[in-house]
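Shown next, in structure tokens, is the structure this report addresses.
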Amino acid sequence: MATLADLMVKIGIDSDGVTKGTGEIESRFQKTWGRVKAGAAVAGAGIGLALAAGAMSGLEQSKLQGVLAAQLGAGPAEAAALGKLSGELYADGFGADMPAVTSAIRAAAQSGLVDVTRAADATSKATVEKLLTVGQVLEEDTSRVTAAVSTMLRTGMAKSAEDAMDLLVAATQRGANKSEDLLDTMEEYSTLFRSLGLDGPTSLGLISQALAGGARNADIAADAIKEFGIKAIDGSKGARDAYKLLG
């Protein structure tokens, strides 16, 4: 029996083109990411001066960091590392304000993207930096981004949190989030995509193609893929006739 990928090729779904196109957009995103970080560094210098001038008092920062530690059940050493992480991110210009930074750290930790015991690691900082940036690019709350990324990791749609975020941005740049439902769609349908043998780039590429072809939103595009998968394996006369027509 033909595989789902074979069937998609036969009906004109260019999975190779999807993967290639996604790779090209990921490359463009890396350039965008570099510009965002450079801009954040410049902004961070100004924010650092503002903090020094008392724009946010040490007491206010300590209160926010204390709440964050309590929300994550952090001990004294972990709380200190979380405080260091949030302070550095804010001083470097990431996040609209300190509450946005601590919210992103909380979401990342609760979703398993950041290990609280290693909050002071450069890897943890890089993850939250990218999470905050992707949230801005998608114009979504970081908690929603982390939920989608976490689901994509659990279902094998992405190999790493960075990979998942790159894919989401690439899909957004191709119009897959035009109805602002891409994150919800990946949360809902990632398990289904896995059962059909589709990986992250192909799934998001198919959604982008469907939207380009007139589908109203990402949810409807994903539902069409689901229905296609059901029909492709249901063994009905209609399915058998379709296989014959496809050769």
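The values are calculated or read from the model by the stated rules, or taken from the named source; none is laboratory data. Not measured: the values here are computed from a predicted model. We place every Cβ from the backbone using ideal geometry, glycine too, and count neighbours over all the protein chains shown. For the accessible areas, the whole protein counts, side chains as well, though only heavy atoms, and no ligand, DNA or RNA atoms are used. Shrake-Rupley method; radii C 1.70, N 1.55, O 1.52, S 1.80 Å.
Using a 1.4 Å probe on the protein chains only, how many percent of the accessible area of region 106-247 belongs to carbon and sulfur? Mind showing how you got there, number by number?
Numbers: 3180 of 6440 Å².
Within region 106-247, the accessible surface is 49 percent carbon and sulfur.
What is the gain in length, in nm to one decimal, between ALA126 and LYS178 on full extension, counting 0.36 nm per residue of separation less the C-alpha to C-alpha distance? If you can, show how the numbers build up before the last one.
Values: separation 52, 0.36 × 52 = 18.72 nm, distance 2.74 nm.
Here the segment from ALA126 to LYS178 would lengthen by 16.0 nm.
What does the C-alpha gyration tensor say about the overall shape of region 95-174? Classify as rounded when a/c is under 1.5, otherwise prolate if a/b is larger than b/c, or oblate. Before the final figure, lay out each step's value.
Details: a/c = 1.80, a/b = 1.18, b/c = 1.52.
Verdict is oblate for region 95-174.
Given contacts defined as C-alpha pairs under 8 Å and at least six residues apart, what's the relative contact order of region 130-247, whole-number percent? Each step should come with its number before you reach the end.
Values: 109 pairs, mean separation 27.1, N = 118.
Dividing the mean separation by the residue count of region 130-247 yields 23 percent.
In nm, what is the difference between 0.36 nm times the number of residues separating ASP141 and LYS63 and their Cα-Cα distance?
Details: separation 78, 0.36 × 78 = 28.08 nm, distance 2.20 nm.
My answer for the length gained is 25.9 nm.
When every alpha-carbon pair in region 133-247 is counted, what percent end up more than 17 Å apart?
Numbers: 3504 of 6555 pairs.
Looking at region 133-247, the distances longer than 17 Å represent 53 percent of pairs.
How long is the gain from ALA242 to GLN110 if the chain were fully straight, where each residue apart is worth 0.36 nm and the alpha carbon distance is subtracted?
Details: separation 132, 0.36 × 132 = 47.52 nm, distance 4.60 nm.
Contour length minus the Cα-Cα distance gives 42.9 nm.
Can you order the peptides 152-159, 238-245 by their average number of other Cβ atoms within 10 Å per residue, highest first?
Values: 152-159: 19.6, 238-245: 11.2.
Sorting 152-159, 238-245 by mean packing, highest first, produces 152-159, 238-245.
Contact order normalised by length for region 178-247, with contacts defined as Cα pairs under 8 Å and 6 or more residues apart; what percent is it? It would help to have the intermediate numbers written out before the result.
Numbers: 31 pairs, mean separation 23.1, N = 70.
Taking the mean separation of contacting Cα pairs over the length of region 178-247, I get 33 percent.
Give the aspartates and glutamates whose C-alpha is closer than 14 Å to that of LYS159, dropping any in the same chain fewer than 8 places away, or say none.
Filter leaves ASP199.
Would you mind checking LYS178/LYS244; LYS130/LYS226; LYS84/LYS130; LYS178/LYS226; LYS84/LYS178; LYS178/LYS237 for any pair whose Cα atoms are more than 26 angstrom apart? Spell out each step's value before the answer.
Details: LYS178/LYS244 37 Å; LYS130/LYS226 31 Å; LYS84/LYS130 17 Å; LYS178/LYS226 20 Å; LYS84/LYS178 37 Å; LYS178/LYS237 37 Å.
Result: LYS178/LYS244; LYS130/LYS226; LYS84/LYS178; LYS178/LYS237 exceed 26 Å.
Once you wrap a convex hull around the alpha carbon atoms of region 198-237, what is its projected area averaged over all directions, in nm²? Don't skip to the end; give the middle numbers.
Details: hull surface 12.5 nm².
Mean projected area of the Cα convex hull: 3.1 nm².
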